[in-house]
1. B:Y112 passes all but one of (1) more than 14 Å from chain A (Cβ to nearest Cβ); (2) touching a residue at least 40 places away in the same chain (Cβ under 8 Å); which number fails?
2. What is the number of the single condition among (1) more than 9 Å from chain A (Cβ to nearest Cβ); (2) within 24 Å of B:C231 (Cβ to Cβ) that B:M1 does not meet?
3. So in the range A:151-207, with the set limited to residues that are within 12 Å of chain B (Cβ to nearest Cβ) and not in a helix (DSSP H, G or I), which one is nearest to A:V74 (Cα to Cα)?
4. So which residues in the range B:23-46 are more than 17 Å from B:V118 (Cα to Cα) and either within 10 Å of another protein chain (Cβ to nearest Cβ) or in a helix (DSSP H, G or I) (or both)?
5. For the range A:195-214, does any single residue satisfy the condition of being of a type in the set (D, E, K, R) and over 27 Å from A:D113 (Cα atoms)?
6. Need a quick list: strands (runs of 3 or more DSSP E) entirely within the range A:64-127 having at least 2 residues that are within 14 Å of another protein chain (Cβ to nearest Cβ) and either among the aromatic types (F, W, Y) or out of contact with any Ser or Thr (no Cβ under 9 Å at 6 or more places or on another chain) (or both).
7. Pull out all pairs, ordered by first then second residue, where Cβ-Cβ is under 7 Å, the residues are six or more apart or on different chains, the first lies in the range A:215-230 and is part of a helix (DSSP H, G or I), and the second is modelled with pLDDT of 95 or more and of a type in the set (G, A, S).
Amino acid sequence: MSHHDSKSASPMQVATGDRAILPEGARTIPIYVMGKRYEVPETLTIMKAMEYAGFKFLRGAGCRGGICGACPTVYRKEGDYKLYFGLACQTVVEPNMYLAQIPFYPANRAKYDIEAISPVAETVHALYPELFRCVACNNCTKACPMGVEVLDYISAIKQGDLARAAHLSFDCIQCGMCASRCMGELPQYHVAQLVRRIYGKYIQPRAAHLEKRVAEIESGKYDAMLDALQKMSHEELEKLYKEREREPDMAPPGTWMPEDTQYL
Amino acid sequence: MKISYYPGCTLKTKARNLEDAAVASMAALGVDFQELERWNCCGAVHSLADDDLIHHVAPVRDLVRAMDQGSDKVVTLCSMCYNTLARANLLMRQDEVKRKTINDFMSEEKDYHGEVEVLHFLNFLRDHVGFDKVRERVKVPLNGLKVATYYGCTLVRPGNVAIEPPADRKLMAEFLEAIWASPVDFADATTCCGSYQVLANPDAALDVAARILESATRAGAEAVVLSCPLCEYSLARKQDELLQKNKISKDVPVFYFTQLLAAALGLGSEACRFDLSPRCSVELLKSKNYPIDAAVVGV
């Protein structure tokens, strides 16, 4: 139910959703963007609130869905010494938050040839010796808007456990907030990316059934079937689709087989 | 009471021989020896600067992790990790002001007051497993193999975290006696191996390593036993260079104490990880009837 057809909600409780147009009666709150005060609708995300206030994102905005890592925001709250981090497209504004966008944070990325690399921890240690400047202060973890246990994956890399580091860093969106807060000046997110590349290429088990299927496709096994489909008329295709055999929704895995097995 | 094992980064990379032999030995003895699930670097070196608290955060965080995982005691194998963890623990127990500063800084963790006890594996063997039990379970008595007990610095310095009263020098000897080896005390048992100078002043590091090895040889030792990856680097991995430069007269087999334990318990050379110890001498053990190719008991 959108707020337009909501007759019962009182005007003061009306949610404005993520619209940048303020409906009548919607509450606004003060936020401070780079030190300047703006009154913005209370239910907007930081990104929408900034756009409402007149900012235009040329950089520092990407997917607007919380996964591209382009819009990290650093903010404080009134009367609280702590730093907070969030993605502008995901974090809802709070009264009296003091914020700034950090669309990019410089961090050196080592050069390597993933095809020629030796897939061991020592390779990562040699490419990123600053790993050993980590003092386990945990500022990286505290700065991560994705809740990644950054210190734990850095520790895993130092301990030589690349698989663990790849799994722990899986949600990283490369926003760079970890590096922005690091006492040891580590480029954590670049190190993690290298580790995931090594893991994906050399360590993670290959899916045997996938390789078999790729080989089948490359051998031309399915070419004739595709040709036949492409030559069908619209009506023939529709009929084929409607009459297709279909696995029952609740069939226990591995129990159902189609009667026509010529394509398996 | 729950005792957990804290490995340390080096044992997972360059010193797997120190770790694997210990883990296999504990399995053979039927002793519960579970690694902490979550841990970070121990900090490696205890900072002595009075106003430098940030370098205590790493070891304190490990102790908090141990507490979070329900452990009363953590056992270390590496001398450096032992030293750093034990000293940070002492600081958190004794220095109220620094404790508060560190706890405040680590506000995302539970406050820590030194609840966990830090043990070195040798103390764990003596006090929680028992040297008698070890002695009973020995399958390959080391037939009086003469072994120099090399402590290095960090097991015995400073005195308030020493694994035994520093003047005693009994613990390693008692351990070796439990596996039927003959401990050899020698003048340089607690001389620093030189690792702190290995980058800034490599010749000084070589000289002190040579002095330690020659001193052990003169005392009649057939091998040196130690518990620190840095000491192993200085005393074992640098031996080729020491021989080349005529700094030592003969090569000296070097073992981690856990490798001798595993060997005495009859574990195969795979469990003892002799493959990772360039200066250990399997031939020497063979002369004491250690079976090289087959394990006496399964791993």
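1. (1)
2. (2) is the only condition that B:M1 fails.
3. The qualifying residue nearest to A:V74 (Cα to Cα) is A:M183.
4. Those that are more than 17 Å from B:V118 (Cα to Cα) and either within 10 Å of another protein chain (Cβ to nearest Cβ) or in a helix (DSSP H, G or I) (or both): B:V23, B:A24, B:S25, B:M26, B:A27, B:A28, B:L29.
5. Narrowing the range A:195-214 to residues of a type in the set (D, E, K, R): A:196-197, A:201, A:206, A:211-213.
Pick out the ones that are also over 27 Å from A:D113 (Cα atoms) and you get A:212-213.
Among the residues of the range A:195-214, at least one is of a type in the set (D, E, K, R) and over 27 Å from A:D113 (Cα atoms), which makes the answer yes.
6. Working: elements: A:72-77, A:84-87, A:97-101.
Result: A:84-87.
7. none
Matching residues to (1) under 23 Å from B:V134 (Cβ atoms); (2) assigned by TED's automatic domain parsing to the domain that holds B:L77; (3) part of a loop (DSSP other than H, G, I, E, B):
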position: B:R169; (1), (2), (3): yes, no, yes
position: B:F175; (1), (2), (3): yes, no, no
position: B:P183; (1), (2), (3): yes, no, no
position: B:C193; (1), (2), (3): no, no, yes
position: B:A204; (1), (2), (3): no, no, no
position: B:L213; (1), (2), (3): no, no, no
position: B:N246; (1), (2), (3): no, no, yes
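The values are calculated or read from the model by the stated rules, or taken from the named source; none is laboratory data. Just so you know, these numbers come straight off a predicted model, no measurement behind them. Every residue, glycine as well, gets a Cβ built from its backbone with ideal geometry; the counts of neighbours run over all protein chains shown.
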